[in-house]
Amino acid sequence: MLNIFKLAARNLFRYKRRTLLTSTLITLGVVSVLLFISISGSFKALMVGQITDSMLGHIQIHKKGYLASIDSLPLNRNLTGKQIDKVVQVLAEEDAVEAYSMRIKLGAMFSNFIETTNIRLNAVTPTDEMKTAPLLTDRILEGEKENLLKAGEILIPELISKGMKVKVGDGIVLVANNKDGSVNGQNFMVRGILEGISGPGGRDGMIHINDAKSLLRIEAAEVSEIAIRLKDIYLLPAVFTSLQEKLGSMKNKQGMPVFEVHTWEKISPFFNIAKMIDLMTFFIKIMLVAIVLVSIMNVMVMAVYERINEIGTIAAIGTLPNKILSLFVVEGFLMGVLGTAVGTTISLISIAIMNATQIRFDFGRQTGLLLSPTIGATDVIFVVVIVVAIAVIASLQPAWKAAKMDPITALKHV
Amino acid sequence: MSVVVAEQLIKTYVAGDIKIEAIRKVNFSIEPASFVSFIGPSGSGKTTLLNMIGCLDPPTAGKLQVAGQDITSLNRQNAARFRGEHIGFVFQDFNLIPVLTVFENVEYPLQMVQSWPNEKRKKRVMEMLEAVGMADQARKYPSQISGGQKQRAAVARALVTNAKLVLADEPTANLDKETANMVINLMKQMRDEYKTTFVFSTHDPRIVDNVEITFVLDDGTLHKLEKSAGGDHA
Ligand SMILES: Nc1ncnc2c1ncn2[C@@H]1O[C@H](COP(=O)(O)OP(=O)(O)OP(=O)(O)O)[C@@H](O)[C@H]1O
Ligand SMILES: [Mg+2]
């Protein structure tokens with residue numbers, strides 16, 4: 001084996017410029033793919049993190065049919081006593097669950113005593129909410145961030161603060177219809193201004209869950225949604241399947257499903273962007289494969305053509321066809337390995353440099369996001385294996401041509 | 001036992017509608033350790049005959065035995081194996097592998113065709129290089145040596161596997177007279193030393209005097225035989 005490698009390497013070295021050019025092309029391809037994967041991956045993780053950690057949580061549980069009518073914030077589709085107990089019991093069995101938060105979602109009239117507007121509200125237990133959405137407090141633009149809020153306080157969305165000219169410390173009134181249609185009002189103090197983000201619930205205000213209950217005159221246990229945070233987002237598929245089995249399949253006496261379980265992906269529009277990024281990564285990988293295939297095949301076809309006479313010689317003196325085949329395949333393989341090794345090295349160094357220089361970027365209203373590109377070993381191994389495999393595959397056809405060459409014809413070739 | 005036995009050997013090329021009878025029913029045999037040349041004008045069939053003996057081209061009809069084995073119906077793989085084991089080749093254009101040194105070129109058949117162990121291989125290569133007087137050029141590449149030196153290296157490569165038979169198609173055509181004679185004398189010397197059979201083709205009158213057995217080919221027929229036994233008139 002060693003001698004085949006030696007011979008192949010010598011032949012590559014004989015056409016230095018060509019080898020260098022082809023390897024450089026492969027290097028460029030590998031670098032673009034690895035950098036794209038790492039940067040888009042970091043961007044994706046960052047955006048997903050923002051969405052799940054400051055608002056949605058990883059998984060949400062509602063009463064069946066709630067999500068379809070979420071725009072009208074229905075109060076008659078809340079989870080009640082026994083249903084909540086069931087969810088709590090199931091969640092206690094899941095080791096991967098880090099925290100969960102019970103929320104009542106409601107619509108109300110918001111008045112600053114001069115003007116009135118509509119407001120959507122998310123009523124929470126502050127300690128649970130902060131554990132479930134740890135980045136939520138980052139969205140508080142003005143006002144005290146610590147402990148989120150107390151009963152009697154409200155976090156108002158940025159838009160309302162601007163539109164109604166309401167500042168931190170101002171008193172306001174919320175008026176809401178309860179399930180039966182009776183109206184109730186309650187005074188609140190503006191505790192802070194909440195930054196809006198895209199997606200459902202991204203422009204909601206926030207109050208304490210006990211205030212929501214008294215405003216809506218809810219006596220028994222009742223929540224609109226249960227948001228769940230997992231210990232790691234990679235556990236999402238497994239936990240989702242498990243919850244789907246335990247809760248999603250539960251039927252009531254009429255044989256209708258009781259709960260609906262959704263992942264953040266189903267709820268947030270950003271999931272489509274994330275999917276788009278994955279699709280782009282896929283196409284860039286395809287392009288890499290094409291580059292490697294075409295460049296290696298091109299070079300190997302030339303290599304075989306230039307060496308017809310040599311092939312005739314070694315075939316005549318008894319070199320077996322499959323050895324001739326491997327001679328050329330190994331040449332393609334080595335070129336692939338060279339390009340990939342250099343490309344991977346450059347990529348890893350670039351990623352390290354990018355992390356060291358702390359590149360920041362803006363996305364929508366969010367500024368100064370830290371780009372921290374990372375690349376998993378599996379991604380690197382995948383790219384390396386694909387490129388080297390394609391290099392070998394691309395050499396097979398020319399190599400096979402060389403192997404089955406008739407020695408007499410090859411020797412006559414000038 | 002003869003190294004080569006040919007009986008009623010025929011080679012016909014078919015190119016479209018035209019049939020070219022390159023070799024027409026020839027009979028001959030070649031004895032071990034002989035020094036044989038096929039001579040004849042261009043197109044008389046020398047190369048065709050040598051290619052058949054060398055297991056590179058199957059005969060159209062007739063019997064052909066090399067090293068005691070019928071080689072008329074070997075497949076590609078077995079023909080290659082047979083060549084690697086029994087036959088050495090010396091080419092008109094030397095055909096050394098340009099990316100290998102003289103030493104590595106001679107080593108090639110022992111490593112890539114047969115698989116000799118390292119020590120034994122190196123020793124054998126050095127022995128052959130010394131025999132052809134190329135030991136001091138061992139580390140040079142083919143591009144760094146003269147034509148005569150290349151052909152000497154090629155002779156060493158042909159002999160290194162202890163081949164019973166070395167075939168050389170016009171081995172001196174690209175050499176000047178002096179060098180040509182030197183190469184022929186080297187081959188003869190090798191024959192004496194290793195008892196190898198040398199068969200070559202030539203239409204070079206300068207070296208015809210130097211050979212021992214001469215078959216004359218004319219338009220595919222072997223019609224003259226000189227100096228020795230072991231052949232037949234066609
Ligand atoms: N592959 C082939 N297809 C068709 N005809 C061929 C082929 N090879 C050789 N011939 C013909 O066979 C005859 C013998 O050719 P060959 O090459 O054996 O002659 P030669 O004696 O070696 O000639 P030279 O001294 O020029 O090398 C010629 O007429 C040649 O045209
Ligand atoms: Mg010829």
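The values are calculated or read from the model by the stated rules, or taken from the named source; none is laboratory data. Please read all numbers here as calculations on a predicted model, not as lab measurements. We place every Cβ from the backbone using ideal geometry, glycine too, and count neighbours over all the protein chains shown.
Does segment A:223-242 contain at least one residue that is closer than 19 Å to A:Tyr66 by Cα and part of a helix (DSSP H, G or I)? Talk me through it step by step, then tell me what you get.
Restricting attention to segment A:223-242, the residues satisfying the condition of being closer than 19 Å to A:Tyr66 by Cα are A:223-228, A:240.
Imposing the further condition that a residue be part of a helix (DSSP H, G or I) reduces the set to A:240.
Checked segment A:223-242: at least one residue is closer than 19 Å to A:Tyr66 by Cα and part of a helix (DSSP H, G or I).
If I ask for residues that are in contact with a Gly (Cβ under 8 Å, 6 or more places away or on another chain) and buried (at least 19 other Cβ atoms within 10 Å of the Cβ), which ones from segment B:113-149 would you list? Before you say what the answer is, go through the steps one by one.
Going through segment B:113-149, the residues in contact with a Gly (Cβ under 8 Å, 6 or more places away or on another chain) turn out to be B:113-114.
B:Val113 - this is the single residue of segment B:113-149 that is in contact with a Gly (Cβ under 8 Å, 6 or more places away or on another chain) and buried (at least 19 other Cβ atoms within 10 Å of the Cβ).
Looking at B:Ser73, is it within 16 Å of ligand 2 (Cβ to nearest atom) and either assigned to a loop (DSSP other than H, G, I, E, B) or among the basic types (Lys, Arg) (or both)?
no
Is it fair to say B:Glu119 is of a type in the set (Asp, Glu), in contact (Cβ under 8 Å) with a residue 40 or more places away in the chain, away from ligand 2 (no atom under 16 Å from the Cβ) and over 19 Å from A:Gly312 (Cβ atoms)? Spell out the reasoning first.
Details: of a type in the set (Asp, Glu): yes; in contact (Cβ under 8 Å) with a residue 40 or more places away in the chain: no; away from ligand 2 (no atom under 16 Å from the Cβ): yes; over 19 Å from A:Gly312 (Cβ atoms): yes.
Taking the combined requirement at face value, the residue does not satisfy it.
Please give the number of the condition A:Leu67 fails out of (1) over 30 Å from the mean Cα position of the chain (by Cα); (2) within 21 Å of A:Ser268 (Cβ to Cβ); (3) of a type outside the set (Lys, Arg).
Going through the list (1) over 30 Å from the mean Cα position of the chain (by Cα); (2) within 21 Å of A:Ser268 (Cβ to Cβ); (3) of a type outside the set (Lys, Arg), A:Leu67 breaks only (1).
Looking at segment B:5-13, can you tell me whether even one residue there is in contact (Cβ under 8 Å) with a residue 60 or more places away in the chain, assigned to a strand (DSSP E or B) and away from ligand 2 (no atom under 16 Å from the Cβ)?
yes
Working only within segment B:43-61, note down all residues that are of a type in the set (Ser, Thr, Tyr) and within 9 Å of ligand 2 (Cβ to nearest atom).
Let us first name the residues in segment B:43-61 that are of a type in the set (Ser, Thr, Tyr), namely B:44, B:47-48, B:60.
Hits for segment B:43-61 are B:Ser44, B:Thr47, B:Thr48.
For B:Arg157, work out the one condition from (1) farther than 17 Å from B:Met187 by Cα; (2) within 13 Å of chain A (Cβ to nearest Cβ); (3) modelled with pLDDT of 95 or more; (4) in a helix (DSSP H, G or I) it doesn't fulfil.
(1)
Suppose the filter is among the small types (Gly, Ala, Ser) and over 22 Å from A:Gly318 (Cβ atoms); does B:Ala154 pass it?
Details: among the small types (Gly, Ala, Ser): yes; over 22 Å from A:Gly318 (Cβ atoms): no.
So B:Ala154 fails the test.
Could you tell me which of the residues A:Leu46, A:Leu21, A:Leu34, A:Leu75 is modelled with pLDDT under 95 and either assigned to a loop (DSSP other than H, G, I, E, B) or within 14 Å of chain B (Cβ to nearest Cβ) (or both)? Spell out how you get there, then give the answer.
On the way: A:Leu46 fails: either assigned to a loop (DSSP other than H, G, I, E, B) or within 14 Å of chain B (Cβ to nearest Cβ) (or both); A:Leu21 fails: either assigned to a loop (DSSP other than H, G, I, E, B) or within 14 Å of chain B (Cβ to nearest Cβ) (or both); A:Leu34 fails: either assigned to a loop (DSSP other than H, G, I, E, B) or within 14 Å of chain B (Cβ to nearest Cβ) (or both).
Exactly one residue qualifies, and that residue is A:Leu75.
Do we have B:Thr48 as within 14 Å of another protein chain (Cβ to nearest Cβ), over 22 Å from B:Leu159 (Cβ atoms) and in contact (Cβ under 8 Å) with a residue 12 or more places away in the chain here?
On the way: within 14 Å of another protein chain (Cβ to nearest Cβ): yes; over 22 Å from B:Leu159 (Cβ atoms): yes; in contact (Cβ under 8 Å) with a residue 12 or more places away in the chain: yes.
For B:Thr48, the condition - within 14 Å of another protein chain (Cβ to nearest Cβ), over 22 Å from B:Leu159 (Cβ atoms) and in contact (Cβ under 8 Å) with a residue 12 or more places away in the chain - is met.
Out of all the residues in segment B:14-44, which are more than 7 Å from ligand 1 (Cβ to nearest atom), among the polar types (S, T, N, Q) and not in a strand (DSSP E or B)?
Within segment B:14-44, just B:Ser34 meets the criteria.
With the structure loaded, tell me whether A:Leu7 is in a helix (DSSP H, G or I), over 22 Å from A:Ala227 (Cα atoms), modelled with pLDDT of 90 or more and more than 14 Å from every other protein chain (Cβ to nearest Cβ) or whether it fails that test.
Working: in a helix (DSSP H, G or I): yes; over 22 Å from A:Ala227 (Cα atoms): yes; modelled with pLDDT of 90 or more: yes; more than 14 Å from every other protein chain (Cβ to nearest Cβ): no.
Criteria not met by A:Leu7.
With B:Ala173, B:Ala168, B:Ala156 as the choices, which residue is touching a residue at least 24 places away in the same chain (Cβ under 8 Å) and out of contact with any helix residue (DSSP H, G or I) (no Cβ under 8 Å at 6 or more places or on another chain)? First the steps, then the outcome.
Values: B:Ala168 fails: out of contact with any helix residue (DSSP H, G or I) (no Cβ under 8 Å at 6 or more places or on another chain); B:Ala156 fails: out of contact with any helix residue (DSSP H, G or I) (no Cβ under 8 Å at 6 or more places or on another chain).
So the residue among B:Ala173, B:Ala168, B:Ala156 that is touching a residue at least 24 places away in the same chain (Cβ under 8 Å) and out of contact with any helix residue (DSSP H, G or I) (no Cβ under 8 Å at 6 or more places or on another chain) is B:Ala173.
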